[in-house]
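Chemist: Quick one: this structure, given as structure tokens, is what I'll be asking you about.
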Amino acid sequence: MTNVTKLELEDVSFACVATGAPTPTIQWLKDGTHLTSGGRFLVQSTGSLLITAVQVSDTGRYTCLASNTPGSDQTSGYLNVLQRTKIILPPEKPVESIKGSELEIKCGYSTSPGVAVTVEWYHTPDIGGSLPVRVANDINFREVIQSTGSLRLKSVRTTDAGRYQCFVLSSAGNDTRDTMLTVIELPQSPIIVSALLNPIDNRSIDLVWRPGLTGNTPVTSYSVQLAESSTPDTWNAVATVDGSVTTY
């Protein structure tokens, strides 16, 4: 009987063929304790042992004991069940970060001891038609894949926005998660559509504007300001209007 390594939830079969007269009786033991056929452990008519959907706790030495009146014989093999590599601390969904700040996108994982794990990150920019680009540790340490699997971005840029995918790869299985990053920036000034002299008082101005780039965050209010021709560099607030309003 050979030693076998399996991943969690896989099936495994240990063969045991015994001949003799009278026909030998087959018994199976795990770490010296007799096994009862049933549930996930099935002793088949051929004498083989089938274990379905193996668990880490099934790890151990399995012995086939064949016996009849003249005597007995046995053979054994070791089953090593590896925990499947999986992401246990996935990225938040979605992720928001202020431009210029530092950000960590999590991708924590678990696996069996001794299993080598590789973590790869891919970024698809938030631009139509863009393809995923593998993220690599750069020489300026602005983008760093940490030993925990998380991705750290130093001084977030506008171009960092988009989809991020974390791939955890190993001989004990693979796993992947993704998230979307939105970069928050200061909103830009609104764009004046028209500024017309009010025909009633011939002094006030009727303003119409449309929002500029919002910086990926809702505009809560606009400040309407006035500069007199005598002091063109001095602006005084005359009103504050709701962010949903585009006229004054």
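The values are calculated or read from the model by the stated rules, or taken from the named source; none is laboratory data. This structure is a prediction, so every number in the text was calculated from the model and none was measured. Every residue, glycine as well, gets a Cβ built from its backbone with ideal geometry; the counts of neighbours run over all protein chains shown.
Chemist: Residues to consider are Thr148, Thr179; find the one that is under 18 Å from Ser130 (Cα atoms) and either surrounded by 15 or more Cβ atoms within 10 Å (Cβ to Cβ) or of a type in the set (S, T, N, Q) (or both). Break it down into steps so the answer makes sense when it comes.
Modeler: Working: Thr148 fails: under 18 Å from Ser130 (Cα atoms).
When all the criteria are applied, what remains is Thr179.
Chemist: Here's another thing I want to ask about it. Any idea which of Leu103, Leu42, Leu50 is touching a Leu at 6+ places or on another chain (Cβ under 6 Å), hydrophobic (A, V, I, L, M, F, W, C) and assigned by TED's automatic domain parsing to the domain that holds Val156?
Modeler: Details: Leu42 fails: assigned by TED's automatic domain parsing to the domain that holds Val156; Leu50 fails: assigned by TED's automatic domain parsing to the domain that holds Val156.
It is Leu103.
Chemist: Right, next: Does any residue in the stretch 48-62 that is in contact (Cβ under 8 Å) with a residue 40 or more places away in the chain come within less than 7 Å, Cβ to Cβ, of a residue that is surrounded by 13 or more Cβ atoms within 10 Å (Cβ to Cβ) and basic (Lys, Arg) six or more places away or on a different chain, and which pairs are these?
Modeler: Cβ pairs passing all conditions: Val54/Lys6; Tyr62/Lys30.
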